[in-house]
Amino acid sequence: RMRTGGLRATAVAAVAAAAALLAPRGAAAVQCMNWQKCDPRSRRILFIMDASLSISQEHFDKDMVDFVVNTYCGFRDTTENAKYEVGVVTFNQVVETRIPFQELGQNEFESLMHKKVKDKTPLRCCTAHAEAAILAREMFEEADDARPGFENIAFFITDGVPYPNYYGGKYGVHRSTKARSFYVSRGLAYDRWDYKQELVWTQGGGNRSEFDEIRVTYGTRNVPFAMRDLKDADVRVFFIGVPHIEADQPVNIDYFTGKVPNLEVCYENGNVNPPETSCGRMEYAPLVSEPVDDHAFRVESWDLTSMIDRSLSIICREQGTPGDPFGRPLVPTASPTGSPTQAPTAAPSTVPTRSPTPLGAD
């Protein structure tokens, strides 16, 4: 369990209008005029979709897919030779590229989402944020090498609760060739899934308290380091927080923004008596780009209409010096003494002192 930190008629009409904007549509019918249009700049956008058991199948196939399709509407101004590439990753037991980066118009993208993703993504355990970040980094680096000159943007659409893949059980990696291929193709052994000799996945055997220790390592080390590497690849990372399938589970936005109290995350095992709690401190934060409040949004219900405008308003905002969307000088600037200085970095997020924050099940 995760702990993280007239009027009636008008209201009904407003809800109906919002629902109409995100209502399922057939191919080549996306209503892009409903959404703001970003300035013409070549951008590469990756939607990373949580397909774990903490998201209901209905909300994935309707609300999450519609959010992705409508958000891509913001990238339609092709003047000044602007180009847009879009891709999609889904993650659970199977972490895979569903749509590789390619130039697509809005109607083409909607059609491909319906062909490749909608109603074709069975939900499974687990919430493999780290593996999704690794795959995303690889995709961006490969695309940058082949076609440089794009601003890179990644949307993580998830409830924000990391839950590692494991070896045994109903949703064990060993049961699926597609699931195993992610690790095997990268030379990662099942019993010790190492990543750069820093991140260690351990076989999910043993008792529940041992697995909670594994979850602590995953949540405090594996996920943060993978997200760090993704951002270091010049990718702007956004968190779009959606509701957990269990109503009492809040959206875990503080984990992605680095505002978890004292950077400490805990996993609570209520299957033993007395309950046991395993805790650890995040070794890197924040997981999203900075300023964090411009890169992390959440909703408490599945009306994602407001999220489209909020995320597009940040992306469409002019970002620093032309040619560098991250606001850094293109060349070192001189200090008053004449020596070069690095570009200023955002101040670290302040973390209030509160009690530890246990994270929940998938």
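The values are calculated or read from the model by the stated rules, or taken from the named source; none is laboratory data. In this text, all values refer to a predicted model and were calculated from it rather than measured experimentally. Because the Cβ atoms are built from the backbone with ideal geometry, glycine has one as well, and the counts that use them run over all protein chains shown. With ligands, DNA and RNA removed, areas are computed over all heavy atoms of the protein, side chains included. Shrake-Rupley method; radii C 1.70, N 1.55, O 1.52, S 1.80 Å.
A few points about this structure:
- Checked against (1) open to solvent by 10 Å² or more (accessible area, probe 1.4 Å); (2) within 16 Å of I157 (Cα to Cα); (3) of a type in the set (A, V, I, L, M, F, W, C), F101 meets all criteria but (2).
- Taking the criterion of being part of a helix (DSSP H, G or I), open to solvent by less than 60 Å² (accessible area, probe 1.4 Å) and aliphatic (A, V, I, L, M), the residues of the range 127-152 that qualify are A130, A132, A133, I134, L135, A136, M139, A143.
- Set side by side, the residues P224, P243 differ, and just one is within 21 Å of M49 (Cβ to Cβ) and surrounded by fewer than 23 Cβ atoms within 10 Å (Cβ to Cβ), which is P243.
- Close pairs from the range 248-261: first on the phi < 0 side of the Ramachandran plot, partner basic (K, R), Cβ under 7 Å, at least 6 apart: V251/R298; I253/R298; P261/R354
- Scanning the range 297-325 for residues that are acidic (D, E) and modelled with pLDDT of 85 or more yields D303, D309.
- Count of the range 273-286 residues which are part of a loop (DSSP other than H, G, I, E, B) and either open to solvent by less than 30 Å² (accessible area, probe 1.4 Å) or within 20 Å of S311 (Cα to Cα) (or both): 2
- For the range 252-299, a tally of residues being more than 22 Å from S313 (Cα to Cα) and among the hydrophobic types (A, V, I, L, M, F, W, C) returns 8.
- Considering the range 157-272, the qualifying strands (runs of 3 or more DSSP E), each wholly inside and each with 1 or more residues that are within 21 Å of Q93 (Cα to Cα), of a type in the set (D, E, K, R) and modelled with pLDDT under 80, run over 192-195.
Yes/no matrix, rows are residues, columns are (1) touching a helix residue (DSSP H, G or I) at 6+ places or on another chain (Cβ under 7 Å); (2) open to solvent by less than 10 Å² (accessible area, probe 1.4 Å); (3) among the charged types (D, E, K, R); (4) at pLDDT 90 or above:
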residue: G6; (1), (2), (3), (4): no, no, no, no
residue: M33; (1), (2), (3), (4): no, no, no, no
residue: K62; (1), (2), (3), (4): no, no, yes, yes
residue: Y72; (1), (2), (3), (4): yes, yes, no, yes
residue: K83; (1), (2), (3), (4): no, no, yes, yes
residue: V89; (1), (2), (3), (4): yes, yes, no, yes
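- Among the conditions (1) in a strand (DSSP E or B); (2) more than 18 Å from the chain's Cα centre (by Cα), the only one that R76 does not satisfy is (1).
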